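Undergrad: My questions will all concern the structure given below.
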Amino acid sequence: MLAQRLRQSAKRGAQISILHSADDDLLIKLTARAIAAPSQLPAVLAQIVKVVCQLKGVAADAALAGVTVSAEAQAIAQSLVAGSNAGILLGNFAQQHPQAATLHALGRQLASASVAASASSARQPTASAVMLPRQFRQARALTPRR
């Protein structure tokens, strides 16, 4: 159900980017894609966080100072900064990853940096980092309640 909502959003112009270890055909138009070995996922996510912090003018964590940024991470970060509503979804793979806590912390930092107000923004953008459970039971939490 979540994948279908993302596909429909992409059809309406949403920019969808992915960081994963499998280069599968997701049947969705992607703005950017970064494929890395499972052990490198935290490093690539850290690259994305660093670029978003730089683009938003937000102080990045000191641990990110020595991070070298790839072109894929740059593209994902630019797509996050370009939108007014950003969502960072950490799926089952991230939840079961040996460094899940690091991935979750980086996801939260990315969400915080993504919503940093820019001088040209008329309305406050929103973003959230969500750790999705195995069966996407929390998918309803992503849907606005009336």
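The values are calculated or read from the model by the stated rules, or taken from the named source; none is laboratory data. As the structure is a computational prediction, the values presented were derived from the model and not from experiment. Counting neighbours? That spans all protein chains shown, and the Cβs are built from the backbone with ideal geometry, glycine included.
Residue-by-condition table, conditions (1) among the hydrophobic types (A, V, I, L, M, F, W, C); (2) surrounded by fewer than 20 Cβ atoms within 10 Å (Cβ to Cβ); (3) at pLDDT 90 or above:
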{"site": "LEU26", "(1), (2), (3)": "yes, yes, no"}
{"site": "ALA46", "(1), (2), (3)": "yes, no, yes"}
{"site": "GLY66", "(1), (2), (3)": "no, yes, yes"}
{"site": "GLU72", "(1), (2), (3)": "no, yes, yes"}
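Undergrad: Considering region 55-69 alone, what residues qualify as being in contact with a helix residue (DSSP H, G or I) (Cβ under 9 Å, 6 or more places away or on another chain) and outside any loop (DSSP other than H, G, I, E, B)?
TA: Within region 55-69, the first condition is being in contact with a helix residue (DSSP H, G or I) (Cβ under 9 Å, 6 or more places away or on another chain), and the residues that meet it are 55-56, 58-61, 63-65, 67-69.
Selection gives LEU55, LYS56, ALA63, LEU64.
Undergrad: Can you pull out the residues in region 1-17 that are surrounded by 14 or more Cβ atoms within 10 Å (Cβ to Cβ) and either at pLDDT 90 or above or touching a helix residue (DSSP H, G or I) at 6+ places or on another chain (Cβ under 7 Å) (or both)? Before you say what the answer is, go through the steps one by one.
TA: Within region 1-17, the first condition is being surrounded by 14 or more Cβ atoms within 10 Å (Cβ to Cβ), and the residues that meet it are 2, 6-7, 9-10, 14-17.
LEU2, GLN15, ILE16, SER17, listed by residue number.
Undergrad: Let me ask something else about it. Of all the residues that make up region 74-108, how many are surrounded by fewer than 18 Cβ atoms within 10 Å (Cβ to Cβ), at pLDDT 90 or above and assigned to a loop (DSSP other than H, G, I, E, B)?
TA: Going through region 74-108 one residue at a time, the tally reaches 2.
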